[in-house]
Amino acid sequence: PPAPQPAKPPAKQDSFFRTMTSTEYQTFAAAMKEGDIARFLGGITTSGNSSFKYLQNVFTTKNPAEQGESLAIYLSERALASFRLPGACRVHGGGFAGTMQAFVPRLYTEAFRQRIDAVMGEGSCMVMHVRPLGATRVDND
């Protein structure tokens, strides 16, 4: 007889997989416009939890034993929780073990980078700065 096949995961249904609602996105956007950092970071966390816990896009089904993204998020959450000022992190970009993004208070940036690099490898944590203008056209003139 043929070998038994592994069970297929349930179809992605709204009742099973939680994603942010349009109201949550509107609240998140309003927090950014109003400069409400605590609410903005809460939105980052909510959205990240949705991606990680419910959509489960921090690993690839081709290699579920590879959990680098999950480990990086765990390390980031631990580091951020140890700081006096709030921060947030989430899976970002490619998803399915792509990359993660952390919002770290400037005061703790180097300590955060060192903690992540100590476990994930030197140079794993890249510090980036976001300019206040956001997306802007740059001409060579």
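Largest first and in whole Å, give the semi-axes of region 58-141's equivalent ellipsoid, each being the square root of 5 times a Cα gyration tensor eigenvalue.
Each semi-axis is √(5λ); the values are 25, 20, 11 Å.
Label points 7 Å out from Cα along the Cβ direction at E77 and T23: separation in nm?
Spacing of the two 7 Å Cα→Cβ label points: 2.5 nm.
Could you pull the accessible area for H92 with a 1.4 Å probe, rounded to 10 Å²?
It works out to around 90 Å².
The values are calculated or read from the model by the stated rules, or taken from the named source; none is laboratory data. Quick caveat: nothing in here was measured; it's all calculated off a predicted structure. Quick reminder, even Gly has a Cβ in these numbers, built from the backbone with ideal geometry, and neighbours come from all protein chains shown. When the accessible area is computed, the model is the full protein with side chains, heavy atoms only, and any ligands, DNA or RNA have been set aside. Shrake-Rupley method; radii C 1.70, N 1.55, O 1.52, S 1.80 Å.
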